[in-house]
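**Q** First the structure, then my questions, so here it is.
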Amino acid sequence: MAALQFLSRAARTVVVGGTNRFTALAAINLAPKRNYADDYKPDQSVMYDELDQSTLPKFETSNDPAEWQFVERLIPLALVPTPKSFTEPSPSGWTTPKKDALKLPYFVSRTKNHMQPVYYRIKERSLRHTTVIKNIDGDIWLMGEHLKDYLKRNTKKKDLIALKVNEMNGTISVRGDHVSWVKKWMDEKGF
Amino acid sequence: MLRLISKKLLATYSPISPCAQCGLVQKLRSLSLDDNLLKADIKGDYKFLDPDNHYQKFRQVWLENLDTTQEKKLGIISLHPEIFATKPRVDIIHQNITWQRLFRYINYACTKVTSEVRGGGRKPWPQKGMGKARHGSIRSVLWRKGGRAHGPRGPKPYFYMLPHHIRVWGLVSAFSTKLAQDDLHIVKSLDIPTDDPEYVTQLVKERNWGPSVLFIDVSDIMPLNLITATDSIKHINCMPGYGLNVHSILKHNTLVLTEDAASWVQGKLLYHLNQIKPPENIK
Amino acid sequence: MSFSGLHGRELALKMLQALPRVSHANLKPNPNFKPKNKRGRGQHGGDKHGAGNKGSGQRQNHMRLGYETGNWPFYLRFGFEPYYKGHHLKRQYPPLTLHKLQMLIDTNRIDTSKPIDLTALVNTGVVDCIPERKHYGLNLTDAGANVFKGKVNIEVQWASEPAIAAIERNGGTITTTYYDLSSVQCAVDPVRWFSRAEPIPRRKLPLADCLEYYSNPENRGYLADPEKISQARLALAQKYGYELPRIEDDPDYEMLIQRKDPRQLFYGLEPGWVVNLKDKLIFKPKEDYLLEYYRG
């Protein structure tokens, strides 16, 4: 073992000089090479078709479609399903977006889950709370004005509606918790 | 969208409806990551496919030809606004390009630390009495030829995975940017009459496409003429749909998609934008 | 190039028409995207590099959190604070409100024409049940009982009385069943379970402390006497003041009556079966000892 180690070390050494070069070369040729092919043992990985059925417990195969339909029920949907449409708010409060809303100068599109993009954010370790409306397209400044008027009329905070319009991101942030009022306004508009 | 086209145009060209083009249901069956994850009975209209459900208009693009150097308009294609007309998020494009560059980068720089530098085991001179500064080894960090204190240490991988949705938005922003800047063209097919590179350079020059062009088809088996013609030209490349990435889209000045590739790309990206949950291993 | 009347997204896309081509050369991240280099350099950041003077801070010999420079630390003074003792071992039933269930029905995420169980609820992607966190199933709560309008055959792991009343008021049926953790693991992600070629597990019987709960007809337990359950349905209707709909006359009676065997995990599939998703086959055991175990 020690001899082998010495040889391998010699093989790695960069030598300059006649006699040393010869011994180094000899060491490289004489040192046993690792056969990486020995690591792969194909007989230890057995494919399904090569299995010896007699050694396995007895089983039967079934491709009955009546049974398979129960398996298909367990597989989840890949895409978000399209919701049903309601003329009025659904029992849970979910409203169907109206087609007329597409004609307005601004538009708030639903999320991929068909929900209204209104969120309530509380800044960490702070009392700052904000209502955020996202996915706004079209004339966002006009929407800000309309929303501000609506909130002023309906909420108790008549002169304190602090509203921030972010045109680039298509979002509007309102100070305070006005989620319900904003969603109501959106329902009226048909978003 | 179709309402805007004049009757004269309608007489000459036959516009193809976006839903039929997208062919999403058919595409979904073929493109899915794992067929078992997709329910066999995907029925019903998805709202994201319906043009009447969108505030943004579907983008109208000319369907062009490649069989003559001169441009011929063969029809009009509608492109989905969620993919070809979104907010051009240049910061997300930047994130994607940086990620593509860095995630497979390994910095092999490695300096030697005091203990690794050859020599320096012995105390150079006694502690006291020499009138010299006290030292323990000639290879300490303080010394010339000594070790490096806080140097790079060994192969350092810069691997990280950008979140799935950022990578999807990157592609979508890249396509939107290309279309907005008039650098996106849809062609009927990639068949060209000769395999002469001069034909392709002439075509690109005549149509005022950018010097660098990227031709994209769905499969990686492309017409031989185009492959041979573009093989010798370094800045004009062909790529299959699965190779699409933000870096290549932005690297090439012009992007040329076949009709099939446009449908395929839209189908794939719409799937990723509207899926319930991305699989855990690609998050 | 007229930008009047355009805002946000449309304006950005219009501006791009006039701006130079977006390329690798003119892209940069948003401000403050890259974190600042922690070690200060130069005239203002240099000298002591923000480490202060002397002490453990400058000498990189920071004291551990909670250390009080030698005296008996606060966090070690009190040896017994059993506020969460055994918490990680307790069974948890994350809540599912009736309001959320109604939302799932309204947005077409769940199919009410078939019985609803844990698998169906988790497959919507909206409801979470994580067996790693000792979630033994879902707990149907009564928040939203006043708006609940769905007629469903639902199977949950825990339910409150008003929730049961709300389900039955609308002509539905509710059952509470016990799922042991490995059953939950299989139920929550059946595709993953099947892809590991694991047979469908046989559900275990409830633990001693919840056996009584699942044998009680008032909780609509799956081990309770069906006769007593129908009596309890009537009693609950009288208690909450609604007329109990006759599910026998309902056209969906067959669906509402569907129940699983106490050892069964999925409707229509028996424990012990191995499902091959790729080739769409089901392997069923034929050996006596296996059949005895799975069916006995």
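The values are calculated or read from the model by the stated rules, or taken from the named source; none is laboratory data. Since we're looking at a predicted model, the values are computed, not measured. For neighbour counting, all protein chains shown are included, and Cβ atoms are generated from backbone atoms with ideal geometry for every residue, glycine included.
**Q** Name, by its number, the condition in (1) surrounded by 12 or more Cβ atoms within 10 Å (Cβ to Cβ); (2) under 25 Å from the mean Cα position of the chain (by Cα) that does not hold for B:Asn107.
**A** Here B:Asn107 clears every test but (1).
**Q** On the given criteria, is C:Phe80 part of a loop (DSSP other than H, G, I, E, B) and touching a Leu at 6+ places or on another chain (Cβ under 7 Å)? If you could, list the steps in order and put the result at the bottom.
**A** Numbers: part of a loop (DSSP other than H, G, I, E, B): yes; touching a Leu at 6+ places or on another chain (Cβ under 7 Å): no.
Considered against the rule, which asks whether it is part of a loop (DSSP other than H, G, I, E, B) and touching a Leu at 6+ places or on another chain (Cβ under 7 Å), C:Phe80 comes out as no.
**Q** Pairs needed: first member in segment A:52-74, assigned to a loop (DSSP other than H, G, I, E, B); second member anywhere, among the charged types (D, E, K, R); C-beta distance under 9 Å; at least 6 residues apart or different chains.
**A** A:Pro57/C:Lys286; A:Pro57/C:Glu287; A:Lys58/C:Lys286; A:Lys58/C:Glu287; A:Asn63/C:Asp279; A:Asn63/C:Lys280; A:Arg73/C:Asp111; A:Arg73/C:Lys114
**Q** Also: How many residues, within segment C:100-121, are farther than 19 Å from A:Thr96 by Cβ, free of Cβ contacts under 8 Å to residues at least 24 places away in the same chain and part of a loop (DSSP other than H, G, I, E, B)?
**A** Of the residues in segment C:100-121, 1 are farther than 19 Å from A:Thr96 by Cβ, free of Cβ contacts under 8 Å to residues at least 24 places away in the same chain and part of a loop (DSSP other than H, G, I, E, B).
**Q** Of all the residues that make up segment A:54-98, how many are of a type in the set (Gly, Ala, Ser), more than 7 Å from chain C (Cβ to nearest Cβ) and under 29 Å from C:Ala143 (Cβ atoms)?
**A** Final tally of qualifying residues: 2.
**Q** Select, from B:Leu66, B:Leu74, the only residue that is part of a loop (DSSP other than H, G, I, E, B), touching a strand residue (DSSP E or B) at 6+ places or on another chain (Cβ under 6 Å) and at negative phi.
**A** B:Leu66
Conditions tested, residue by residue: (1) part of a helix (DSSP H, G or I); (2) away from every other protein chain (no Cβ under 11 Å); (3) of a type outside the set (S, T, N, Q); (4) exposed (fewer than 10 other Cβ atoms within 10 Å of the Cβ).
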position: C:Leu6; (1), (2), (3), (4): no, no, yes, no
position: C:Arg39; (1), (2), (3), (4): no, no, yes, no
position: C:His44; (1), (2), (3), (4): yes, yes, yes, yes
position: C:Lys48; (1), (2), (3), (4): no, yes, yes, no
position: C:Ala51; (1), (2), (3), (4): no, yes, yes, no
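**Q** Does B:Ser219 satisfy the criteria of being touching a residue at least 40 places away in the same chain (Cβ under 8 Å), surrounded by fewer than 21 Cβ atoms within 10 Å (Cβ to Cβ), away from every other protein chain (no Cβ under 14 Å) and not in a helix (DSSP H, G or I)?
**A** No: the conditions fail for B:Ser219.
**Q** What do you reckon, is C:Lys239 under 26 Å from C:Ala145 (Cβ atoms), over 29 Å from the mean Cα position of the chain (by Cα), in contact (Cβ under 8 Å) with a residue 12 or more places away in the chain and more than 13 Å from chain A (Cβ to nearest Cβ)?
**A** Here the answer is yes, as C:Lys239 does meet what is asked.
**Q** Go through (1) assigned to a loop (DSSP other than H, G, I, E, B); (2) touching a residue at least 60 places away in the same chain (Cβ under 8 Å); (3) more than 14 Å from chain A (Cβ to nearest Cβ) one by one and return the number of the condition B:Arg104 breaks.
**A** The number of the failed condition is (2).
**Q** When residues of segment A:169-186 are filtered for being more than 14 Å from chain C (Cβ to nearest Cβ) and not aromatic (Phe, Trp, Tyr), how many remain?
**A** Residues that pass the stated criteria total 11.
**Q** Can you find, within segment B:189-205, the residue that is surrounded by the most Cβ atoms within 10 Å (Cβ to Cβ) among those that are in contact (Cβ under 8 Å) with a residue 60 or more places away in the chain and under 14 Å from B:Glu64 (Cα atoms)? Please lay out each step first, then the result.
**A** In the first step, residues of segment B:189-205 are kept if they are in contact (Cβ under 8 Å) with a residue 60 or more places away in the chain; the result is B:189-193, B:199, B:202-203.
Now narrow it down to the ones that are under 14 Å from B:Glu64 (Cα atoms): B:189-192, B:203.
Working: B:Ser189: 15, B:Leu190: 20, B:Asp191: 14, B:Ile192: 22, B:Leu203: 20.
Once the filter is applied, the top-ranked residue is B:Ile192.
**Q** Of these, C:Ile164, C:Ile105, C:Ile116, C:Ile130, which one is out of contact with any Gly (no Cβ under 8 Å at 6 or more places or on another chain) and within 13 Å of chain A (Cβ to nearest Cβ)?
**A** Checking each option against the conditions leaves just C:Ile116.
**Q** Still on this model: Please go through segment C:229-257 and give me each residue that is exposed (fewer than 13 other Cβ atoms within 10 Å of the Cβ) and basic (Lys, Arg), ordered by number.
**A** If the condition is that a residue be exposed (fewer than 13 other Cβ atoms within 10 Å of the Cβ) and basic (Lys, Arg), then C:Lys239, C:Arg246 are the ones that fit.
**Q** Now, a different point. Checking the conditions here, which among B:His135, B:His150 is within 14 Å of chain C (Cβ to nearest Cβ) and more than 30 Å from C:Gln17 (Cα to Cα)?
**A** The unique qualifying residue is B:His150.
**Q** A further question on this structure: So C:His135 passes all but one of these: (1) out of contact with any His (no Cβ under 6 Å at 6 or more places or on another chain); (2) under 30 Å from B:Tyr46 (Cβ atoms); (3) more than 11 Å from every other protein chain (Cβ to nearest Cβ). Which condition number does it fail?
**A** In the conditions (1) out of contact with any His (no Cβ under 6 Å at 6 or more places or on another chain); (2) under 30 Å from B:Tyr46 (Cβ atoms); (3) more than 11 Å from every other protein chain (Cβ to nearest Cβ), C:His135 misses (2) alone.
**Q** Which one of the conditions (1) within 30 Å of B:Lys251 (Cα to Cα); (2) at pLDDT below 90 does C:Ala51 fail to meet, given that it meets all the rest?
**A** (1)
**Q** Now for a different question. Could you check segment A:147-168 and list, in sequence order, the residues that are within 14 Å of chain C (Cβ to nearest Cβ) and either crowded, with 16+ Cβ neighbours inside 10 Å or touching a Cys at 6+ places or on another chain (Cβ under 9 Å) (or both)?
**A** Result: A:Val165, A:Glu167.
**Q** Let me ask something else about it. Say whether the condition of being closer than 25 Å to B:Ile76 by Cα, at pLDDT 95 or above and part of a strand (DSSP E or B) is met by at least one residue in segment B:192-205.
**A** no
**Q** Examine segment C:21-37 for a residue that is within 14 Å of another protein chain (Cβ to nearest Cβ), within 30 Å of C:Ala208 (Cα to Cα) and either surrounded by 10 or more Cβ atoms within 10 Å (Cβ to Cβ) or touching a Pro at 6+ places or on another chain (Cβ under 7 Å) (or both), and state whether such a residue exists.
**A** So far as segment C:21-37 goes, no, none of its residues is within 14 Å of another protein chain (Cβ to nearest Cβ), within 30 Å of C:Ala208 (Cα to Cα) and either surrounded by 10 or more Cβ atoms within 10 Å (Cβ to Cβ) or touching a Pro at 6+ places or on another chain (Cβ under 7 Å) (or both).
**Q** Still on this structure, please answer the following. Could you check, for segment B:264-279, whether at least one of its residues is touching a Ser or Thr at 6+ places or on another chain (Cβ under 7 Å), farther than 22 Å from C:Ala18 by Cα and touching a residue at least 12 places away in the same chain (Cβ under 8 Å)?
**A** There is no residue in segment B:264-279 that is touching a Ser or Thr at 6+ places or on another chain (Cβ under 7 Å), farther than 22 Å from C:Ala18 by Cα and touching a residue at least 12 places away in the same chain (Cβ under 8 Å).
**Q** On to the next question. Identify the single condition in (1) among the polar types (S, T, N, Q); (2) surrounded by fewer than 18 Cβ atoms within 10 Å (Cβ to Cβ); (3) touching a helix residue (DSSP H, G or I) at 6+ places or on another chain (Cβ under 6 Å) that A:Thr95 does not satisfy, given that it satisfies every other one.
**A** Among (1) among the polar types (S, T, N, Q); (2) surrounded by fewer than 18 Cβ atoms within 10 Å (Cβ to Cβ); (3) touching a helix residue (DSSP H, G or I) at 6+ places or on another chain (Cβ under 6 Å), the lone unmet condition for A:Thr95 is (2).
**Q** Quickly run through segment A:156-177 and pick out the residues that are in contact with a helix residue (DSSP H, G or I) (Cβ under 6 Å, 6 or more places away or on another chain) and not acidic (Asp, Glu).
**A** Listed by number, the residues that qualify are A:Lys158, A:Ile161, A:Leu163, A:Val165, A:Gly170, A:Ile172.
**Q** Let me ask something else about it. Given A:Lys99, A:Lys156, which one is more than 30 Å from B:Gly267 (Cβ to Cβ) and at pLDDT below 95?
**A** It is A:Lys156.
**Q** Which residues, counting only those in segment A:123-145, are in a helix (DSSP H, G or I), more than 14 Å from chain B (Cβ to nearest Cβ) and either in contact (Cβ under 8 Å) with a residue 24 or more places away in the chain or within 30 Å of the chain's Cα centre (by Cα) (or both)?
**A** Correct list: A:Trp141, A:Leu142, A:Gly144.
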